[in-house]
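Computed from the coordinates by the stated procedures, all read-outs in this text should not be read as laboratory data. These numbers come from a predicted model, not from an experiment. Note that each Cβ is placed from the backbone with ideal geometry, even for glycine, and that neighbours are counted across all protein chains shown.
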Amino acid sequence: MIKVGIVGGTGYTGVELLRLLVSHPHVELTVITSRSEDGVAVADIYPSLRGHCDLQFSVPDNNTLSQCDVVFFATPHGVAHKLVPALYENGVKVIDLSADFRLQDAELWSEWYGQPHGCEALLPKAVYGLPEMNRAAIKQAQLVACPGCYPTSVQLGFLPLIENNLVDPEYLIANAASGTSGAGRQANVDALHSEVSDSFKAYASAGHRHLPEIVQGLHLMQSPDQAKAKLTFVPHLLPMVRGIHSTLYARLRVDTAVDLQTLFEERYANEPFVDVMPAGSHPQTRSVKSSNMCRLAVVRPQGDDMVVVMSVIDNLTKGSSGQAIQNMNIMCGFDEDEGLRQVALLP
Ligand SMILES: NC(=O)c1ccc[n+]([C@@H]2O[C@H](COP(=O)([O-])OP(=O)(O)OC[C@H]3O[C@@H](n4cnc5c(N)ncnc54)[C@H](OP(=O)(O)O)[C@@H]3O)[C@@H](O)[C@H]2O)c1
C-alpha cells in the first residue's frame, strides 16, 4: 500500500480523485487538504463518500504531506509552484493536475498565466503525463504534469496523423466543447444553470491557455525536418456537466494513400484507454461519462483530402483525475488500469 495525499480536495478534480482512489487496492488515503473546510469531515461535504472515506479536510502542511509516497495537486495554477519543491526534496512523487509544470518554457507560461513562473528549477524534472506519448519517461518520473482536459482530447486525436507526417501541420483546426465542470467549483456567473442551459457558445476564441500546451505537444510528435505545427483552437461551452467533444480538422498530404481507420486502430491497439470506434461512428460524450476512456473516430468526408477526427473524453476522468491515477499507476509499477476499470455511466 502507498500513502497518498491530495492538495485541493474540495474541488471537482479533487472529489473525482477521491471517488476513484477509495477503491484503489494499493492506495491508503492519508491527507486531503482544504483551507476553507479545515476540520470538516470529507463525507459531510461529499455524502457520496460516506462509508468510503473517514478523513477530515486539513490545511496544506508540508510536514504531513511529506509523509506521503504520492501527492496529487488538484489546485489552481500557482499553488504547486510553491508547495512542490519541499515535497520533491523529500522524495515524494508529485502528480500535478494544474498547469504549473505543463509548459517547458517558463517565459511562455508566464505570458499565458499572467504571473512569473514560480518554480523554474523543477521544470527540467517535470514529465508531461500523456501516457500514450510519454509512458517510458512517466515510469521514471518523480514529478508529472498532467495534461489539461482539452489538450488530452485534441492531442490523442491528432497523434497518429502528426507523428506519421500525413497532414499539413501548418493548418490544423480543433473545435472543442466542454461541460461546465471544466471551470471548477467556484461561483461564477457564466457557469450558472440559467446562463448555460439550453444554449451553446464559443469562448476564448482569440486565445485559450490550452493552446500553447497543445502546440508544444504537437511539436514533440513531429520530426525536426517538418514545418512546425500550427493550430486554430476554438473552445465551446456545452450545457451539460461532464464531457468534452473535440472535432479536429487537417488537410492530408497529396501523396497520402494510407488507410486512416487501420492507422488509428494499429496506433492505439495496445492502449488501455483509447478506443478507436468502427468506421462511420460518431462517438458520444455519454459513452465515456465517468470512465477513463477516450473514444475516437476518424473520417475522410466524401473521400476528399480533409480528415476529420472526433474525440470524446470525460474532462474529470481521462481529462484530469483518471489520467492522474493512470500516471500514478505507471510511476508506482501498478497495473496501468488499476482502479480505472469502470464502464461509463449510461444513460
Ligand atoms: N475541472 C476540470 O475539468 C479540470 C480538468 C483538467 C485540469 N484541471 C485543473 O485541475 C486543477 C483543479 O481544478 P478544479 O476544477 O478541481 O478546481 P476547483 O474546483 O476550483 O478546486 C480547487 C481546489 O484547490 C484548493 N485551493 C485553492 N487555492 C488554494 C491554495 N492557494 N492553496 C491550497 N489549496 C487551494 C481549493 O480548496 P480550498 O480553497 O478550500 O483550499 C479546492 O479544493 C486546476 O488547476 C484546473 O485547471 C481541471
**OP:** May I ask you to evaluate 6.51 cos²θ - 1.76 cosθ + 1.60, the Karplus curve with θ = phi - 60°, for each residue of segment 207-218 and list the ³J(HN,Hα) values in order in whole Hz, giving x for glycine and proline?
**Re:** x, 10, 4, 7, 4, x, 5, 5, 5, 4, x, 4
**OP:** Would you mind counting up the charge near Arg209? Only other residues with Cβ under 14 Å from its Cβ, with Lys and Arg at +1 and Asp and Glu at -1.
**Re:** -3
**OP:** Using 0.36 nm per residue of separation minus the Cα-Cα distance, give me the extension gain between Gln104 and Val22 in nm, one decimal.
**Re:** 26.3 nm
**OP:** For Val241, list long-range residues whose amide hydrogen, built 1.01 Å from N in the peptide plane, is under 5 Å from its own amide hydrogen.
**Re:** Thr180
Subject >> Backbone HN-Hα couplings from phi across segment 184-190 [Karplus 6.51/-1.76/1.60, Hz, Gly and Pro as x] >> reply: x, 9, 7, 5, 7, 4, 4
Original post:
Nearest 10 degrees, 0 to 90: what angle lies between the long axis of helix 79-89 and the longest principal axis of the chain (Cα atoms)?
Top reply: 70 degrees
**OP:** Could you run the Karplus curve 6.51 cos²θ - 1.76 cosθ + 1.60 with θ = phi - 60° over segment 238-255 and give me ³J(HN,Hα) per residue in whole Hz, x for Gly and Pro?
**Re:** 9, x, 8, 8, 10, x, 10, 10, 10, 10, 10, 10, 8, 9, 6, 5, 4, 8
Original post:
Under 5 Å between amide H atoms, partner at least 5 residues away or on a different chain: which partners does Met306 have, H built in plane at 1.01 Å?
Top reply: Leu252
Original post:
Which of the GluC sites (Glu not before Pro) across segment 127-191 are loop residues per DSSP, with 13 or fewer other Cβ within 10 Å?
Top reply: Glu170
**OP:** For every other residue with a beta carbon closer than 9 angstrom to the beta carbon of Val4, add +1 if it is Lys or Arg and -1 if Asp or Glu, then tell me the sum.
**Re:** -1
Original post:
Between Arg341 and Met1, how many nm apart are label points set 7 Å from Cα along the C-beta direction?
Top reply: 2.1 nm
Original post:
In straight Cα distance, which lysines are under 22 Å from Lys289, not counting same-chain residues fewer than 8 positions off?
Top reply: Lys201, Lys318
**OP:** Please give the contour-minus-distance gain from Asp305 to Arg286: 0.36 nm per residue of separation, less the Cα-Cα distance, rounded to one decimal in nm.
**Re:** 3.8 nm
**OP:** Over 31 Å, how big is the tail of the calculated P(r) for the chain, in percent of all Cα pairs?
**Re:** 31 percent
**OP:** Residues in segment 229-261, backbone N under 13 Å from the label point at Ala279 (7 Å along the Cα-to-beta-carbon vector): list them, ranges by number please.
**Re:** 258-261
Original post:
Among Lys201, Lys230, Lys289, whose mean-square fluctuation peaks in a Gaussian network model of the chain (Cα, cutoff 10 Å)?
Top reply: Lys201
**OP:** Please report the base-10 log of the normalised intensity I(q)/I(0) for segment 150-315, using a Debye sum with one equal scatterer per alpha carbon and no solvent, at each q in 0.14 (1/Å).
**Re:** -0.72
**OP:** Would you mind telling me which residue in Asp314, Asp304, Asp168 has the biggest mean-square fluctuation in a Gaussian network model of the chain, where springs connect alpha carbons within a distance under 10 angstrom?
**Re:** Asp304
Original post:
How are the C-alpha pair distances of segment 1-123 spread across 5 Å bins, as whole percents from the shortest bin up?
Top reply: 2, 12, 22, 22, 18, 13, 7, 4, 1, 0
**OP:** In nm, give the distance between the simple-model label positions of Asn270 and Gln115, each being 7 Å from the Cα along the Cα-to-Cβ direction.
**Re:** 4.2 nm
Original post:
Using Cα pairs under 8 angstrom and six or more residues apart, how large is the relative contact order of the chain, in percent?
Top reply: 17 percent
